[in-house]
Amino acid sequence: METLQIILLFGVFLLLSVLMFFRKIPALLALPIMAFLIPLISGVNIIDVLTLVIGQGSTRLAQAYTIAIFGSMLSILMQKTGVAERFIKIGAELSGDKPFAIALVMLILVTLLFTTLGGLGAIIMVSTVVLPILISAGVSPLTTTGIFLIGLSMGGIFNVGNWALYTSVLKLDFNDVRTFAMIMFVLTFLIAVGYIVVQLYKDGHDINFIKIGFYVAITAAAGAGLFYGFGYLPEGVRENTLTVVSAVGTGLKYLVGGLILLLFALVFFRALTGKNDTVHWTAFFTPVIPLILILLFSFDIIAGFIAGLLFGFAATYKKKGMNTLVRSILEGGAVVMPAVALMLGIGMLLNAVMGPGSLANTAYESGWPVLSLLQPVMKGVVPTNALSYIIIFTIAAPLALYRGPLNVWGMGYGIAAIFLASGMAPGAIMGLLISVGQIQGISDPTNTQNVWLANEMRVDVQKILWNTLPYAWLAALLGLIASSLLFY
């Protein structure tokens with residue numbers, strides 16, 4: 001019976017994944033269908049499927065889609081007031097004929113920010129600045145989205161908060177994690193440069209390979225110095241450096257806070273005196289205000305967006321400005337609704353795979369049936385040598401998509417625990433999760449950031465998958481090879 005259940009479970013997952021991959025069925029419908037069938041096959045009764053999976057799952061990502069709605073309101077306000085259009089025009093004038101340089105700088109900016117940032121709110125805030133600049137430089141919406149997602153994933157490699165699992169659960173030495181992260185970062189960066197070159201060529205831009213080589217060499221040298229060299233400074237020097245940086249950062253924080261207060265005072269004064277007939281320079285701070293408030297002053301994300309809305313409203317206020325704000329609020333919700341609807345399905349699928357948030361007082365206190373079925377199967381695929389490790393997980397890497405078994409936001413961490421219990425080297429497990437995680441982080445259509453960016457750029461989320469998967473898969477392969485050399 002269990003064998004039949006496992007076959008049916010994988011059959012449903014693969015069938016619907018393939019249908020989504022080839023765009024025969026929209027993810028909007030496929031994800032809820034998958035979320036309904038997977039637990040049903042695994043032995044969850046239909047009432048619990050409807051209640052625990054479909055019902056509770058639809059609100060699992062409530063915070064994410066609420067943030068998306070407020071972010072969309074701010075985006076629409078910037079469009080309706082002419083701020084976005086003016087911002088893009090200025091960006092186009094400054095960028096000239098240097099799309100590669102602009103794309104590389106934006107990639108690095110996103111990477112650096114997301115070594116510390118996380119969450120959909122931060123992604124929306126950063127994207128309101130980065131996306132218009134890339135578009136103004138002549139980069140296509142699809143390429144713009146891909147650059148942002150690759151930068152986001154690269155930043156995640158060096159997000160120290162993500163290393164806690166490897167150092168605490170897998171008991172790995174910090175230096176082992178840092179060394180592999182550095183290798184993975186370099187490999188992914190080189191692939192990212194290749195992605196930009198190929199995509200800009202497809203977009204119709206001329207490619208100067210000498211300049212590209214120069215940019216890459218300078219960037220690689222700077223990155224190596226910042227990310228790797230710092231960790232090998234003498235302990236006393238490192239501590240003193242951090243102390244100085246912290247002191248400077250505190251001073252800058254108060255300085256920026258004072259400047260923000262002055263900006264708010266200025267824009268509200270201009271609004272009261274009715275001098276906002278044109279887009280004033282203060283309006284360009286609209287998308288930056290939420291980012292600063294949340295990063296430096298620990299504002300709630302939604303509160304930060306509300307502050308941005310108020311600032312943008314005041315900075316662009318003119319006759320009938322209140323009507324513009326109201327229309328932006330209403331249209332912001334409507335524009336992002338396709339993304340919200342898809343997030344409902346993602347939440348359902350998360351509950352289907354991982355179970356609801358709490359299994360207490362249910363018939364499944366001993367374990368969620370889907371996980372119980374899959375655990376023995378995954379034990380049987382633990383590789384015994386470096387070659388099988390590379391081959392098995394390179395072939396299986398797409399199972400990181402659609403909340404599959406290798407997706408760390410699906411069953412990934414549970415599967416990692418099974419591999420650890422089966423005797424697999426902790427370092428190899430870390431290498432597996434980080435390497436295959438590039439497919440999940442860059443290409444997965446069920447990521448809330450992919451859904452939001454696709455909606456914002458008016459690009460089909462499945463096209464993003466098709467466009468970025470070859471590069472993410474190559475990153476996974478190279479990462480697995482590096483992991484096997486280090487840990488097998």
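Taking all protein chains together and rolling a 1.4 Å probe, T111 ends up with roughly 10 Å² accessible.
The figure for K253 is an accessible area of roughly 70 square angstrom, using a 1.4 Å probe on the protein chains alone. Between the beta carbons of L310 and W466, assuming R0 = 35 Å, the FRET efficiency works out to 0.30 to the nearest 0.05. For H205, the solvent-accessible surface with a 1.4 Å probe is about 40 Å², rounded to the nearest 10. Accessible surface comparison of L469, L19, L330, probe 1.4 Å, protein chains only, largest first: the order is L330, L19, L469. Placing a label point 7 Å from the Cα of L28 along the Cα-to-Cβ line, the residues of the range 438-466 whose backbone N sits under 18 Å from it are 445-465.
Apolar share of the accessible surface for the range 428-488: 67 percent from carbon plus sulfur atoms, 1.4 Å probe. Centre-to-centre separation between the Cα atoms of the range 19-58 and those of the range 314-385: 13 Å.
Solvent-accessible surface of the range 309-384, taken per residue with a 1.4 Å probe and all protein chains present: 46 Å². A cut-off under 11 angstrom between Cβ atoms defines the neighbours of V326, and their net charge, with Lys, Arg +1 and Asp, Glu -1, is +2.
The share of accessible area on the range 260-401 that comes from carbon and sulfur is 70 percent, using a 1.4 angstrom probe.
The trypsin sites (Lys or Arg not before Pro) of the range 255-336 meeting both criteria, a DSSP state outside H, G, I, E and B (loop) and at most 15 other C-beta atoms within 10 angstrom of the site's C-beta, are K275, K318, K319, K320. Accessible area per residue (1.4 Å probe, heavy atoms of protein chains only) ranks R458, R23 as R458, R23, with the largest value leading.
The values are calculated or read from the model by the stated rules, or taken from the named source; none is laboratory data. A quick note: this is a predicted structure, and the numbers were derived from the prediction, not measured. A quick note on method: Cβ atoms are made from the backbone with ideal geometry, for glycine too, and the neighbour counts reach across all protein chains shown. Remember, those area values only see protein heavy atoms, side chains included, never the ligands or the DNA or RNA. Shrake-Rupley method; radii C 1.70, N 1.55, O 1.52, S 1.80 Å.
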